[in-house]
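The values are calculated or read from the model by the stated rules, or taken from the named source; none is laboratory data. The structure presented is a predicted model; accordingly, all values stated were derived computationally and were not measured. Note that each Cβ is placed from the backbone with ideal geometry, even for glycine, and that neighbours are counted across all protein chains shown. To get the accessible areas, we keep the full protein, side chains included, count just its heavy atoms, and leave off ligands, DNA and RNA. Shrake-Rupley method; radii C 1.70, N 1.55, O 1.52, S 1.80 Å.
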Number of protein chains: 2
Amino acid sequence: MRLSEGVEWGLHCAAVLAFVPEGKGLPATKLAEYHGVPGAYLAKSLQSLSRARIVEALPGRNGGYRLARPADEITVLDVVEALDGAEPAFRCTEIRRRAPFKIPKSDFQIPCSIHTVMDRADAAWRAELRTVSIADILGMFVQHVSPETITKGAHWLEEALP
Amino acid sequence: MRLSEGVEWGLHCAAVLAFVPEGKGLPATKLAEYHGVPGAYLAKSLQSLSRARIVEALPGRNGGYRLARPADEITVLDVVEALDGAEPAFRCTEIRRRAPFKIPKSDFQIPCSIHTVMDRADAAWRAELRTVSIADILGMFVQHVSPETITKGAHWLEEALP
């Protein structure tokens, strides 16, 4: 089981975009440059984030991407599901119905125990990602990173904004 | 993100094998027949379960598969990891290191916040699957299924055992 690479990029993009000031947008090319990822592939991820109203594109020559909502109203799960889908990792194909003898239909009214257990784990995974917002990620980041890096990052952003 | 199909098959096989009496083994062909799945593909899953000491093959003409350990000593996670690997769904490629300015090495001694959050969710998923054994799955199953189905299943197994 593996999440698509776009999830890592999307989460890092959301974190960077949280620093973009009101009324401004950061061009997709700058986001690609910052993360050292191919622009064409990143553009697809940004489109998915846009459809999920996590980012929005300001149009025009001086336009670019920004968060569509405040960073504390975007959960890590929002970003993950926008990029990787909301379907559970385990897909039950109801193989219990294929037993080589006739089983009364009423036996299938209760979900398969295996399906239930796998769904419970999926819910625990999503619950964990739902408790953390992009603002929380920034909080963790700012706590650990040196003031020097924050200054450099702020300087880079200032130059990168149109 | 999606678990391989073999996970569903493997969990159902482990549940069926828990009913195999001491000293007996169920042929792989019978397991495939029971679940209506292609024998060649199921054989690969059974080999993975065997390597993880979840099932064992009794050799000989009257041989077949059985659980290698008591059903209450095999967790759902054991089966899932045997078939899908134990690697986390999120792989951090440390894209934070690619920023277009020099970052002091000491900033990277603390794991990336995004990585930390994703790992926490992965741990919650695995923790959930670790609390449930194959014996628990049987317990849930027996509680919900009609006595008629249990009788038919037992009869099928009796005929299927060499």
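The table below lists the values:
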quantity: Computed helical MRE - 222 nm, chain B, DSSP H runs ≥ 4 contributing -39500 (n - 2.57), nearest 500; calculated: -16500 deg cm²/dmol
quantity: 5 Å-binned pair-distance histogram of segment B:67-137 (Cα, whole percent); calculated: 3, 14, 18, 16, 12, 10, 8, 7, 5, 3, 2, 0
quantity: Lysine pairs with alpha-carbon atoms under 29 Å apart, the protein assembly as shown, spacing 8 or more or separate chains; calculated: 22
quantity: C-alpha long axis of helix A:39-51 to longest principal axis of chain A, angle in °; calculated: 70 degrees
quantity: Helix A:113-130 vs. chain A, principal-axis angle (Cα, 0 to 90°, nearest 10); calculated: 20 degrees
quantity: Modelled FRET efficiency - R0 22 Å, A:LYS105 with B:PHE19, Cβ distances, 0.05 increments; calculated: 0.45
quantity: Inverse mean reciprocal Cα-Cα distance (Kirkwood Rh) of segment A:96-156, Å; calculated: 16.3 Å
quantity: In segment A:47-150, GluC sites (Glu not before Pro) in a DSSP loop with at most 12 other beta-carbon atoms within 10 Å; calculated: A:GLU94
quantity: Value of Rg to Rh for chain B (Rh from inverse mean 1/r over Cα pairs, i.e. Kirkwood); calculated: 1.15
quantity: 10 Å-binned pair-distance histogram of the protein assembly as shown (Cα, whole percent); calculated: 5, 23, 25, 16, 14, 11, 5, 1
quantity: For the protein assembly as shown: accessible area per residue (Å², 1.4 Å); calculated: 49 Å²
quantity: Cα extents of segment A:8-63 along the three principal axes, largest first (Å); calculated: 25, 23, 19
quantity: Carbon plus sulfur fraction of accessible area for segment A:1-150, probe 1.4 Å, in percent; calculated: 53 percent
quantity: Percent breakdown of C-alpha pair distances by 5 Å bin, ordered from the shortest bin, for segment B:33-109; calculated: 3, 11, 15, 16, 12, 7, 6, 6, 7, 6, 5, 3, 1, 0
